[in-house]
Amino acid sequence: MKLKNFQILLLFGIGLAALSATPAQSGRRSGASPTTTTTTPSVSGPKTIEKKPVAQPKIQLLVGINGRNPTTTVPFYIFDTVLDNCIRRLGEAEIVFVTSAGNQMNRAAAIKAAKSETVRYVVLLDIVSDYADPDHQAKNGLNDLDIDYVVFEPEIAKIKKSGQTHQRIYQTGRGGVSLPTRNSPIYSEYALKQAAREAADRILEAFDIKAREDGW
């Protein structure tokens, strides 16, 4: 009888211990942080790669002028003005890169330079004054200006294009038209720029290129 009572008490104690353990486990579960799952969006299809526009190759020009001709009667500053304005006009074409060869390039030097080049075309400018030749002066006595130009191909120095532009370059003074004298001619700055512009445009025509219309 005592043994039976002892067994009943033992079972009763085990039951109490089980009941006291259940709330603790339940509390631990409720305090646990929830687990979050992140889904990475999938990218379907190939990526689009933007192609950069291919830049057109630049036409490279080496431009010089024969400004030290001992027989010329044209002032030296005229050669510099024509060279500078011609180069400026050529550079207005977006795919043209121009380098100045200075004002002391004659034909022999231009041919030599062209043969030593592998990419650049060599352009030779020269100025001829009709006033220096009485047989070619205009009947009204006004001085005219001609610009000769020659484009030599690199390496072989073959002439790609040549020609001449013509601009009247007298300037009007206070008493009307001022005629140039052999020692101190008077020239029109506008006409010089127009002559250089025309020469540059004709040089560009050899490469099927046009400069910007609003460049001047």
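The values are calculated or read from the model by the stated rules, or taken from the named source; none is laboratory data. These numbers were taken from a predicted model, which means no experiment stands behind them. Quick reminder, even Gly has a Cβ in these numbers, built from the backbone with ideal geometry, and neighbours come from all protein chains shown.
Miscellaneous remarks
- Residue match in region 60-75 (condition: in contact with a Phe, Trp or Tyr (Cβ under 8 Å, 6 or more places away or on another chain), more than 19 Å from Glu198 (Cβ to Cβ) and modelled with pLDDT of 95 or more): yes
- Single residue of region 162-202 satisfying the filter (in a strand (DSSP E or B) and touching a helix residue (DSSP H, G or I) at 6+ places or on another chain (Cβ under 7 Å)) that is modelled with the highest pLDDT: Gly163
- Qualifying position, being in a loop (DSSP other than H, G, I, E, B) and more than 14 Å from Arg202 (Cβ to Cβ), among Val128, Val119: Val119
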